[in-house]
Amino acid sequence: MKVIWTILPLCLSISLLAQEKTTVNGYIKDSQNGETLIGATVYVTELGLGTTTNEYGYYAIKLEAGSYNIEYSYLGYNTVVRSVTISASQSIDVELSEESIEVEEVVITAEAEDEKVTNIEMSVNKLDIGVIKKMPALLGEIEIIRSLQLLPGVTSVGEGASGFNVRGGSIDQNLILLDEAPIFNSSHLFGFFSVFNPDAVKDVKLYKGGIPARYGGRLSSILDVRMKEGNNKKLTINGGIGAIFSRLSIEAPIVKDKASFILAGRRSYIDILSKPFLPEEQRDSGLNFYDLTFKTNYKISSKDRLFLSSYFGRDNFVFGAQAGFSWGNSTVSFRWNHLFSERLFSNLTLYFSDYDYKIQFGDDTINRFDWNASVVNYSAKPEFTFFLNPKNLIKFGGQAIIYKFEPSNAVGVSEGEINDISLPFRYAIESGIFVENEQDVTPRLKLNYGLRWSFFNFTGKGNAYFYDEPETAGDAKVLTGSQSFDQWESIQTYNNLEPRFALKYQLNPSSSLKLSYNRMAQYIQLVSNTTASTPVDVWTPATNNIRPQIADQVALGYFKNLNDNSIEISTEVYYKKLDRIVDYVDGAELILNEFIEAELIEGEGRAYGLEILTEKKKGKLTGWLSYTLARTERKIEGINASDWYPSRFDQTHNLSVSAFYDIGKRWSLSSTFTYITGTPITFPTSRYEQQGYVVPHNSFDTRNNVRVPAYHRLDIGAILKGKEKPDKKWYGEWVFSVYNLYNRRNPFAIFFRPEGSERPSTSQPINTEAIKLSVIGSFIPSVSYNFKFN
């Protein structure tokens with residue numbers, strides 16, 4: 001906690017300096033529901049300078065005394081122009097409307113904003129929730145994570161795989177934040193749906209590179225999801241009814257324009273619908289997922305505002321009373337916004353996050369098995385934004401996180417005899433401080449530079465083990481001893497400096513060049529050697545035997561707008577170098593293994609590629625084309641003859657096309673097409689035959705030596721909107737979709753087995769066959785009904 005309080009004197013000194021300046025500040029909001037707008041633009045016409053609102057819709061800009069025209073704009077909203085005369089600091093809150101209002105100070109513009117060309121951010125994708133809702137929906141449910149996979153550099157190893165991969169990284173290298181709290185498993189139903197209820201989501205932003213210094217802890221990406229604050233104008237009810245699950249959200253003011261809330265829930269009910277058709281012994285089965293999202297906020301004064309957010313979700317796969325497993329996330333976030341002055345904005349976040357899973361076999365006390373595991377963390381995170389002047393925006397702060405890992409609480413009972421095979425808890429503390437500055441050097445040149453210092457302490461209570469390196473590379477390490485440590489006694493510490501840099505050079509009003517570099521350190525990781533990550537994989541901290549992973553990434557991009565900003569084109573190339581990444585010895589045992597560190601091997605990795613994104617933003621026909629050409633490789637001593645080999649996430653070509661077409665005011669059509677090179681997989685190169693059995697063998701110790709066939713899929717959708725009337729309270733729409741239209745059986749994995757069901761005689765040859773496993777084997781039509789009441 002010392003890290004957090006060291007920044008307070010700096011905060012107070014800046015506050016005193018800021019009070020001497022003349023500033024225009026305030027919040028920009030949606031006029032219909034009072035939601036603050038993230039990234040709205042404030043532009044002073046006379047100076048040709050401006051700023052944008054932060055994550056809480058707040059802006060501040062330093063101006064000399066005088067008269068100005070200030071434009072307030074946000075994509076999809078009417079631009080408001082305010083004429084102001086400034087002689088002292090003043091606060092101006094602005095509400096923007098989606099509708100055309102013919103009054104003197106409002107200017108209606110048809111131009112799309114040129115944010116991607118003029119903004120310094122690169123390798124960043126921001127999906128509007130309205131666009132996500134237009135996409136073809138699997139089983140009628142709008143899906144955020146799957147929508148991100150239609151963008152450059154974002155992939156998955158296949159249908160039924162949890163999480164997503166960014167620029168060749170594994171899924172644990174993505175930091176997923178829901179109102180600042182980390183989500184350790186972002187998927188429901190093994191990756192088919194995400195944990196984010198679209199009715200409760202306000203903003204979705206994915207950083208793939210050029211990651212600002214305020215973010216840390218993961219190597220590949222930051223997915224920052226912000227929840228709605230709740231309508232502070234009037235009661236609003238949203239919902240959807242589908243074939244296998246439904247959702248409902250309620251948002252309303254507690255005190256109008258001062259406090260509001262939103263409560264949103266979802267549940268699948270395929271188990272309820274199928275119960276009458278199941279045998280009697282299976283009617284206790286529970287195959288479902290559900291989640292509940294809540295947020296409230298209270299404006300104490302013009303300088304203070306409080307937020308409380310929470311999420312609870314769970315997946316249950318219970319097969320009768322005999323067996324089953326479940327997993328889920330729980331988070332609680334408390335945030336306090338405070339203005340030390342007009343130009344010094346602060347936010348203090350306190351959060352709790354818990355991810356756990358449970359496995360159970362047997363329903364009596366004589367023979368049963370129970371296994372629970374979890375990762376819990378608590379954090380305090382103060383952040384400050386100082387609007388120094390129109391050319392410099394400074395952010396600084398820190399964070400402290402306490403981790404508690406429960407690898408397994410496992411107890412087996414056989415014929416009444418209890419066998420406790422639990423593994424001990426593990427503890428760690430992660431902290432960091434950062435400072436960054438976004439600077440307009442000239443009208444053409446903009447920089448963002450910063451530095452993050454991170455510190456990690458692997459602590460007791462527990463035993464630390466010590467190993468010698470094996471005689472042969474690629475073998476398990478040799479245990480040499482152990483030492484016991486008391487609670488919070490330091491076992492091993494690490495620290496890293498993580499520089500960040502971004503540059504944007506404006507070539508002309510419609511095009512720009514951008515360059516970025518970032519170093520990231522990751523101190524916790526997922527231990528898994530399966531084809532795709534599963535909900536029961538184990539999270540582990542850096543220890544005295546597992547060093548933190550490090551990644552250095554550089555990216556260069558060209559951004560161009562055409563046809564009055566209606567078409568946006570971006571091209572980026574990147575190179576990412578990874579150090580201390582972990583792989584596993586052949587035949588590694590990762591489950592319930594107290595000496596798991598002996599099975600892990602450190603190595604290096606690299607990922608590089610080309611990403612192209614072309615978007616059409618205006619007109620009846622809109623959409624985008626995304627293409628990625630990439631390579632992801634690893635090199636681990638003792639694996640693949642100690643040579644480079646493609647990682648499990650290597651996909652050479654990734655092409656996706658998303659299109660939306662409006663037919664009049666009520667009908668809209670959509671389609672998405674995806675083509676991805678098959679992922680690598682390891683095949684045997686020879687075999688042994690013994691007593692009628694085939695034993696596969698990899699003679700050359702190659703890793704990922706074959707690729708599964710390419711993945712491709714076409715989805716289509718249509719939305720029929722209800723008739724609009726001026727004073728209509730109820731609004732509804734029908735959503736039709738077909739997933740996997742042409743019935744493609746995309747391979748998830750390939751395995752081998754002997755032909756036939758009988759064991760051949762010794763005189764007969766033994767033939768084997770390759771079996772292709774497809775998670776989705778046919779097209780899936782669906783229809784759902786969405787509604788809104790206000």
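A few comments on the model shown:
- Hits in the stretch 636-652 - residues which are modelled with pLDDT of 90 or more and within 14 Å of Asn165 (Cα to Cα): Ser647, Asp650, Gln651, Thr652
- Residues within the stretch 388-402 that are in a strand (DSSP E or B) and open to solvent by 10 Å² or more (accessible area, probe 1.4 Å), tallied: 10
- Residue match in the stretch 98-116 (condition: modelled with pLDDT of 85 or more and assigned to a loop (DSSP other than H, G, I, E, B)): no
- Candidate set from the stretch 589-627 (those that are hydrophobic (A, V, I, L, M, F, W, C) and more than 29 Å from the chain's Cα centre (by Cα)); member that is nearest to Asn704 (Cα to Cα): Ala598
- Cβ-Cβ under 6 Å pairs, at least 6 apart or on other chains, the stretch 516-528 side hydroxyl-bearing (Ser, Thr, Tyr), far side part of a strand (DSSP E or B): Ser516/Ala502; Ser516/Ala555; Tyr517/Phe501; Tyr517/Val554; Tyr523/Glu430; Tyr523/Phe456
- Applying a threshold of 6 Å to beta carbon distances and a minimum spacing of six or more residues, or different chains, the list of pairs starting in the stretch 191-202 at a residue that is in contact (Cβ under 8 Å) with a residue 60 or more places away in the chain and ending at one that is among the aromatic types (Phe, Trp, Tyr) is empty.
- Breaking point among (1) in contact (Cβ under 8 Å) with a residue 60 or more places away in the chain; (2) surrounded by fewer than 20 Cβ atoms within 10 Å (Cβ to Cβ), for Thr540: (2)
- Ala473 being in a strand (DSSP E or B) and touching a residue at least 12 places away in the same chain (Cβ under 8 Å): no
- On inspection, Glu417 does not qualify as buried (at least 17 other Cβ atoms within 10 Å of the Cβ) and at pLDDT below 95.
- Test set (1) small (Gly, Ala, Ser); (2) surrounded by 17 or more Cβ atoms within 10 Å (Cβ to Cβ); (3) in contact with a strand residue (DSSP E or B) (Cβ under 8 Å, 6 or more places away or on another chain); (4) more than 24 Å from Tyr378 (Cβ to Cβ) - Ser484 fails condition number: (2)
- Hits in the stretch 551-576 (condition: open to solvent by 10 Å² or more (accessible area, probe 1.4 Å) and under 30 Å from Lys404 (Cα atoms)): Asp552
- Residue match in the stretch 497-511 (condition: over 25 Å from Gln553 (Cβ atoms) and surrounded by fewer than 14 Cβ atoms within 10 Å (Cβ to Cβ)): yes
- Filter pass, Ser670 being within 30 Å of Gly474 (Cβ to Cβ) and touching a Pro at 6+ places or on another chain (Cβ under 8 Å): no
- Count of the stretch 282-322 residues which are open to solvent by less than 20 Å² (accessible area, probe 1.4 Å) and either in the same structural domain as Ser91 (by TED's automatic domain parsing) or in a strand (DSSP E or B) (or both): 12
- Scope the stretch 117-150; condition of a type in the set (S, T, N, Q), outside any helix (DSSP H, G or I) and open to solvent by 40 Å² or more (accessible area, probe 1.4 Å); matching residues: Gln149
- Annotation note: of Gly169, Gly158, the sole residue that is surrounded by 24 or more Cβ atoms within 10 Å (Cβ to Cβ) and of a type in the set (Gly, Ala, Ser) is Gly169.
- Qualifying strands (runs of 3 or more DSSP E) (wholly inside the stretch 158-275; at least 1 residues being within 13 Å of the chain's Cα centre (by Cα)): 174-178, 201-207, 221-227
- Among residues of the stretch 194-209 being touching a helix residue (DSSP H, G or I) at 6+ places or on another chain (Cβ under 8 Å) and open to solvent by less than 10 Å² (accessible area, probe 1.4 Å), the one that is farthest from Ala542 (Cα to Cα) is Pro198.
- Of the residues examined, Thr493 is one that is β-branched (Val, Ile, Thr), part of a strand (DSSP E or B) and open to solvent by 30 Å² or more (accessible area, probe 1.4 Å).
- Only one of Ser512, Ser528, Ser516, Ser533 that is modelled with pLDDT under 95, closer than 27 Å to Val124 by Cα and of a type in the set (Ser, Thr, Tyr): Ser533
- From Asn372, Asn337, residue being closer than 27 Å to Lys295 by Cβ and in a strand (DSSP E or B): Asn337
- Top-ranked residue of the stretch 210-264 - restricted to ones that are touching a Gly at 6+ places or on another chain (Cβ under 8 Å), of a type in the set (S, T, N, Q) and more than 30 Å from Ile550 (Cα to Cα), ranked as surrounded by the fewest Cβ atoms within 10 Å (Cβ to Cβ): Ser246
- Taking the criterion of being buried (at least 20 other Cβ atoms within 10 Å of the Cβ) and out of contact with any helix residue (DSSP H, G or I) (no Cβ under 6 Å at 6 or more places or on another chain), the residues of the stretch 357-387 that qualify are Tyr357, Trp371, Ala373, Ser374, Val375, Asn377, Ser379, Lys381, Glu383, Thr385, Phe387.
- Meeting the requirement of 3 or more residues that are touching a residue at least 24 places away in the same chain (Cβ under 8 Å), the strands (runs of 3 or more DSSP E) wholly within the stretch 405-462 are 426-440, 445-459.
The values are calculated or read from the model by the stated rules, or taken from the named source; none is laboratory data. Everything numeric here is computed off the predicted structure, so don't read it as measured data. Note that we place each Cβ from the backbone using ideal geometry, even for glycine, and neighbour counts take in every protein chain shown. We work out accessible area using only protein heavy atoms, side chains counted, and drop any ligands, DNA or RNA first. Shrake-Rupley method; radii C 1.70, N 1.55, O 1.52, S 1.80 Å.
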